[in-house]
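Presented below is the structure to which this report refers.
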Amino acid sequence: MTIAIVFDHRNRTPKGQTGPVELRITNHRKSTYVSTGIRVRKTELVNGEIVDHPNSDELNSLLAAYAKRALQLAAEAVNAGKGIDPKWIRSQLTVSNPGKDSSTDFFEWVEKQIPLLPIKDSTRRNYDVLLSVWQQYGQMMSWKDFTPDGIIAFDQWLHTRTKRVGKRPGSSTQQRRITDAATYNYHRRLKSLANRAVLLGVINANPYDRLRGLLATGDKTAAGIAYLSLSEAKAVESLHPQLGSTMQKARDLFVFQLHTGISYADTQDFNLEDYKLIGGHYVNIGHRHKNNAQYITQLTDECLDIVRRNGGTLPSLEIQTYDKCLKKIGIAAGITKPLHSHLARHTFATLMLAAGASIENVQHMLGHASITMTQRYAKVLPESVLKDFNQAAAKLWGDDTPKISTAYSEAPKE
């Protein structure tokens, strides 16, 4: 079986107009064509790749996902003892038309788009949870119901859901309403899928755009971002669990994150060969799994010790095991804050900014797609603002200018 990306195989598109981009699946010299939903001009599709188009990166990513999914479906058929049937593959890839009078056309479209998303399996599971919750809701299943009013009704229903919490002695299992942040996560994923529908021309506008600021996000305030002080970070570093134990692996992974700021997902794909020696330091310019944004990281001596201790790589731990070990490590280090994998990333950003690194450079270290994300960490550091004020005041008005105290939180000592 072969797969190719072609432009309008029926040749019905007038010159200069946009036409359909299709997947051609050929098996035993018989071809079946699958519409991808993408429309471009003929000159914008060159050798199966979209060029000179404002959304070329996103569209090429989607085309690659279509081809990959087609190959996966073929492999599944072979493994199940069935022959490769291009028409069956087409039925699994083709989505319902928005104008179709179907009670499930919106849901079906989303269901078939999720396997095509360029995301890790762990993130894809979150979208599967969205589908499960959406099915429980049982409404807003069609495109005609996907409106601001429909979304608000969905939001109100989400806020009625509860989750189980721990039992107290002599009592039944407790139920608690899910938080605004947990509720908004469903909206965030559904909104991203709606943006995808707009990109593909399935719908003209995203109804979420008319609800900006109207849905409770549950975002933490900047002052509420948790991070470790330098002394707390060093307390974790000072721990040395038994070599080869799961606790030792969790400690090493957390300290590596403290020193580099890279996410847990990216640590699991660590490869020392990706790093190049620049000025005597191991430096890597990589791309994050989460958003494909570029990040730049450098290995400290402690990082290199961790890599050597773990056989030239980083420990591989399931996130649940990792976070469970970190809670114990935090207790052993005398830290009252609950340790979790993302806390290391918060700490790295905060300490870097406190030590004087520019917010633009910290953005590149973290691989944030937008500097707005990085600015959250700057807001938790009033002392960095006051430090700059003091330095500027000294230059402008002399050393006798009264200094404003910067003792708001612990910052790295120079």
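The values are calculated or read from the model by the stated rules, or taken from the named source; none is laboratory data. Keep in mind the model is a prediction, meaning the values are calculated, not measured. Cβ atoms come from the backbone with ideal geometry, glycine included; neighbour counts cover every protein chain shown. Side chains are part of the model used for accessible areas, which takes the heavy atoms of the whole protein and leaves out ligands, DNA and RNA. Shrake-Rupley method; radii C 1.70, N 1.55, O 1.52, S 1.80 Å.
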Given a 1.4 Å probe, how much area per residue of the range 270-310 is accessible, in Å²? 64
Taking protein heavy atoms only, a 1.4 Å probe, and rounding to whole percent, the accessible area of the range 17-71 owed to carbon and sulfur comes out at 43
Let me know the Rg and Dmax you get for the range 254-386 when you use only its Cα atoms, in Å. 15.0, 45
Starting from the Cα gyration tensor of the range 27-92, take the square roots of the eigenvalues, sort them a ≥ b ≥ c, and report rounded, prolate or oblate (rounded when a/c is under 1.5, otherwise prolate if a/b is larger than b/c, else oblate). prolate
Per-residue HN-Hα couplings for the range 105-116, Karplus 6.51 cos²θ - 1.76 cosθ + 1.60 at θ = phi - 60°, whole Hz, x for Gly and Pro? 5, 5, 4, 4, 4, 4, 4, 8, 7, 4, x, 8
What is the range 1-155 by shape, rounded, prolate or oblate, if you read a ≥ b ≥ c off the alpha carbon gyration tensor as root eigenvalues and call it rounded for a/c under 1.5, prolate for a/b larger than b/c, and oblate otherwise? oblate
How large is the dipole of the range 7-121 about the Cα centre if only Lys and Arg carry +1 and Asp and Glu carry -1, each at its Cβ, rounded to the nearest 20 debye? 580
Could you tally the net charge around ALA70, taking each other residue with its Cβ under 14 Å from the Cβ of ALA70, Lys/Arg +1 and Asp/Glu -1? +3
Find how much the distance from GLN242 to SER122 grows on full extension, using 0.36 nm per residue of separation minus their present alpha carbon separation; answer in nm with one decimal. 40.2 nm
Output needed: percent of Cα pairs per 5 Å distance bin for the range 198-313, bins running from 0 to the one holding the longest distance. 2, 9, 15, 16, 14, 13, 9, 7, 6, 6, 3, 0
Would you calculate the separation in nanometres between label points at GLN135 and ALA216, each defined as 7 Å from the Cα along the Cα-to-beta-carbon direction? 2.8
